[in-house]
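Read the figures in this text as sums done on the coordinates, not as results from a lab. All figures in this text were calculated on a predicted structure; none of them were measured in a lab. When we count neighbours, we look across all protein chains shown, and the Cβ atoms used for this are built from the backbone with ideal geometry, even at glycine.
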Amino acid sequence: MPRRKRVTLGQMIVSGGWRETRQALRYVSRYGLACQALGHPPTIEEYRQFHGLSQAQAYRDQQSWRKCVPGFTVLEVVSSEALASRGLTEEEREDLIARELSGG
């Protein structure tokens, strides 16, 4: 299993600001759900269709991630355990991912 890249929530905030970080966390949460349901990492179009988003919103979500975590994909940074749904709401999943990135 490849080793995950170490990116912290603090680094994300410094890179993108709080608003972009919040949107990036939402993207990761939604990305994980789509990944789990589809059985593979989704393309941006699959992500958009799975969540019923407009093309503009899907790209804004992805752009927030790229701004906060330049050069790394979601799967390089966030553990599969945090991406799994486990019956959590989207907000609970975002909080879980933020705690993981905070080291907690």
Fill in the blank from the handout: The alpha-carbon center of segment 66-87 and that of segment 17-33 are separated, in whole Å, by 9
Practice task
Report the residue, chosen from 29, 54, 64, that carries the largest GNM mean-square fluctuation when the chain is represented by alpha-carbon nodes joined by springs under 10 Å.
Solution key: 54
Problem - Net charge contributed by nearby residues that have their C-beta within less than 9 Å of residue 90 (K/R +1, D/E -1) - result: 0
Problem - Net dipole in debye of the chain [+1 Lys, Arg Cβ; -1 Asp, Glu Cβ; about Cα centre; nearest 20] - result: 320
